[in-house]
Amino acid sequence: MSSIQFVDALLADADRDQRADPGPSDEEALDAYSQVVSGVAERVIGSVASLRISRRLSGGRQAQGSGSAAAITPDGFLVTSAHVVEGAGKGRASMADGRELRFEVVGRDALSDLAVIRASGADLEPVSLGNADRLRVGQLVVAVGNPMGLAGSVTAGVVSALGRSFPTSDGRASRLVENVIQTDAALNPGNSGGALVDGRGHMVGVNTAVAGIGLGLAVPVNATTRRIIAALMRDGRFRRAFIGIAGGSRPLPPRVAQVLDRTAGVEVVQVVDGSPAARAGLRNEDLIIDLDGAPVADAGDLQRLMVGERIGRPLPVRAFRGGELLELTVVPVELQH
């Protein structure tokens, strides 16, 4: 009995001490890091939706899927990951305020893993779009999504790497998504399509994949992906040019490098039969120096030039072959997905 009374006395003393000296308020106790994260959460959670998707499989079966999406316009446009809405034309979006909205898939681009959906009868609070090209390694970022069905989930971390890439495919063509953001903000199933935002609450990426324990990847929001998103909103698709080669970076011969003031070009390792490159006269082992006046040093440089505006346009190509510099003309066609 005496021991119980002793414990009761200790608890009473602690209670009196807490009332006499309540210490800092909750707001004062938040350090700068916590204040940034909580402030970002307050601004962004209302812009992020939880998606429920039903896909029709062979044999008439149905498969249920989920993911996240971020509102980018007040009138119902949201951006998400292409793989989240793969095989689906519509679904339901649950907002943080409790609303359930029907949505339709406006367009998806598997080669960038981006998609745009539109919710019906929506009055949404759009997230502010930022520019991932300004991110720095070590910068604070916050991932907002709906992992495992938990609405309005927030995780924080830092940008652990920039300039990464990961392969994507639409079943026919494949390419690398470049300048991918790597972060240690925890991502879980259902986070895909959610917003990765900076400390000011600006969306700088679309969460897309878990890269390993404690690592996540996000497709950057920058000038390139803004063009893709705008095309999906407007046309439901994003057009890419195609010339029909596979290649990789190769150092230029010293003499050529000195004359051209370049260090590398793209060596052609395969030319697709009947492709624009084949019609232009490009061959295996040719070393492409530039295309349409733009220098190319690796496959990524070529990939960035293959945009819709170049479809059907004669483009000058300079290539190095057997000690000679050739000038050819290639006319890209549209890449068929």
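Just one of the numbered conditions (1) at pLDDT 95 or above; (2) open to solvent by less than 60 Å² (accessible area, probe 1.4 Å) is not true of LEU101; which one? LEU101 satisfies every listed condition except (1). Within the range 217-231, being buried (at least 22 other Cβ atoms within 10 Å of the Cβ) and in a loop (DSSP other than H, G, I, E, B) holds for one residue alone: VAL221.
Restricting the range 232-243 to residues that are of a type outside the set (Gly, Ala, Ser) and farther than 19 Å from SER81 by Cβ leaves a set whose member that is least open to solvent (accessible area, probe 1.4 Å) is ILE243. Just checking: which of the strands (runs of 3 or more DSSP E) contained wholly in the range 147-212 hold 1 or more residues that are among the polar types (S, T, N, Q), closer than 22 Å to VAL127 by Cβ and at pLDDT 85 or above? Result: 153-169, 174-183, 202-212. Criterion applied to VAL144, VAL116, VAL137, VAL79 was being closer than 16 Å to GLY205 by Cα, aliphatic (A, V, I, L, M) and assigned to a loop (DSSP other than H, G, I, E, B), and the one residue passing it is VAL137.
The values are calculated or read from the model by the stated rules, or taken from the named source; none is laboratory data. Only a predicted model underlies this, so the values are computations on that prediction, with no experimental measurement involved. Note: ideal-geometry Cβ built from the backbone for every residue, glycine included; neighbour counts use all protein chains shown. To get the accessible areas, we keep the full protein, side chains included, count just its heavy atoms, and leave off ligands, DNA and RNA. Shrake-Rupley method; radii C 1.70, N 1.55, O 1.52, S 1.80 Å.
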